[in-house]
1. Among P478, Q132, N370, whose Cα lies farthest out toward the positive end of the dipole of the chain, if unit charges sit on the beta carbon of Lys, Arg (+1) and Asp, Glu (-1)?
2. Sorted from fewest to most neighbouring beta carbons within 10 Å, what does the list H99, H121, H399, H356 look like?
3. Could you pull out every residue, at least 5 positions away or on a different chain, whose amide H is within less than 5 Å of the one on V189? Hs are placed 1.01 Å off N in the peptide plane, and Pro or chain starts have none.
4. Quick one: which residues, 5 or more positions from L38 or on another chain, have an amide H under 5 Å from its amide H? H modelled 1.01 Å from N in the peptide plane, none for Pro or chain starts.
5. Dipole of the chain, Cα-centred, from +1 at each Lys and Arg C-beta and -1 at each Asp and Glu C-beta, to the nearest 20 debye?
6. Toward the positive end of the charge dipole of the chain, about the Cα centre and with charges on Cβ (Lys, Arg +1; Asp, Glu -1), which of P167, M321, T67 goes farthest?
7. Hey, what do the phi angles of segment 291-296 turn into as Karplus ³J(HN,Hα) couplings, whole Hz, using 6.51/-1.76/1.60 and θ = phi - 60°, x for Gly and Pro?
8. Report the residues of segment 463-498 in range of a label on N205: point 7 Å along Cα→C-beta, backbone N strictly under 16 Å from it.
Amino acid sequence: MNYKSTRNSNVTVTAAQAIARGISEDGGLFVPAEFPALTAQDIAALADKSYTERAAFILNKYLSDFTAEEVKACVTAAYTTEKFGAHPAPVTTLDNGEHILELWHGPTCAFKDMALQILPHLMRVSVSKTAQGKEIIILVATSGDTGKAALEGFKDAPHTRILVFYPEKGVSPMQKLQMTTQEGNNVAVCAIRGNFDDAQTGVKNIFTDPVVKAKLAEHDMMFSSANSINWGRLVPQIIYYVSAYCDLLKDNKIKMGEPINVVVPTGNFGNILAAYYASKMGLPVKKFICASNANHVLTDFIETGVYDRRRDFYTTTSPSMDILISSNLERLLYDLTDCDDKAVAAMMEGLKADGHYTVPANVLKKLQANFVGGFSDDEAVAATIRDTFEKHGYLLDTHTAVAVRVYEQYREKTGDATPTVIASTANPYKFSASVLEALGKDDAAADEFEKVALLQESTGVAAPASLLSLREKEVRFPHICDREAQQAVVYGMLGIEE
Ligand SMILES: *Cc1c(COP(=O)(O)O)cnc(C)c1O
């Protein structure tokens, strides 16, 4: 199966090429040329299988230039019990029809691990097929969770170096500590003075700059991306929606063929797009509910068809969703315009040049047939964390609370009682201060680890060992740079002269 660029349908690449390159030279994102079918029989068969077997089944359909052995080696190396516990993506039922898909059992306690633990393996196979002998340079812009998950996935991976940029003031203390203490001999981390969009735009510009590319080529190096623009990041995310459906089926919580709703706390639109791709394959999904925080550019887009980033940027208690440019929306637009590459390229150009674009009426209609948008401010998020803990004894992180809140609004408004899967994207201990405050237990004097202890004491929910161990780790990467200096930092890390 082949992949096309969203900005030029004549560009055709294999899965290995798509993963090794990360982004198309025209600036477009790689998308599958068609969607493999997932039948009711397939789903029934997968219901009796383990997560790794489900993963191999889905990946084999998309990575058609990988051998079955290669796919199997990647999934078994990634989703180990040691890294993810007994089930990498278990479903917990809160209430009748309200199911939480826990995606944070990996090493860095956020859902990004689901893709970033396997991406280095997919990358290794892809490079061996398409760019043998090259050293891969992974550049990451992060709003917090991607950076750590990518560092942890790629640390000490052979023939690979990784450099992460994060917004100086845009991540939680725990997220920052996770990154600045990162171990490994091929890693570097740098804060930038700016927000996530600045970091991401900088990385994208370096990435697509032909001069930089030529410089790297001279040194037998090539860029690739671990951001969700990379197909290798997106495809592993399709698996857990299928897996959740299988688990609900197995537990008699739904019947075969019964549609579900999916609610996703959204930033870059990668996670929710993976759910949409699962439904394109045949997974029965009725509505995709896109949950945003105060930066609700997507809610407005789904309501009006106008994407407009010309607005104030808010720093919220759900920092991984503080985004005004949702990169993966481009992939959805390509699908909703029936692969109209020219239209997609024009919209993306409009976004870059003027900060906005509008989709045609027929595209808006298709969008609204599938997607519902909603948002929640920090206050409602805090109330949702408190209420959910009081009612169910279940502790939500701030991002998942955005989703739960938006789901409650949706259900109240529509009365839709369709069984619903809510993607839970982070462990609450990554955001201890906000969660404590939500529970009315904040102690401003306490440092990050005292907050963790206080949260454990007051909820009885155990904090993950990987977060507790950060306390003893040495800070290796205290560096901060201006946005304009990003390229110089990249050259510096690689030992290349400008
Ligand atoms: C990255 C992230 C999100 C947003 O996911 P997208 O795929 O970018 O939409 C939501 N919650 C958490 C905790 C995250 O780390």
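Every number in this text was worked out from the coordinates using simple rules, so none of it is lab data. Note that the coordinates shown come from a computational prediction; the quantities given were computed from them, not determined experimentally. Because the Cβ atoms are built from the backbone with ideal geometry, glycine has one as well, and the counts that use them run over all protein chains shown.
1. Sorting the options by dipole projection puts first Q132.
2. Ascending number of Cβ neighbours within 10 Å: H356, H121, H99, H399.
3. Amide H neighbours of V189: V164.
4. G282
5. My answer is approximately 940 debye.
6. It is T67, whose Cα lies furthest towards the positive end.
7. Working through the residues one at a time gives 9, 10, 9, 4, 8, 9 Hz.
8. Counting only backbone N, you get 481-491.
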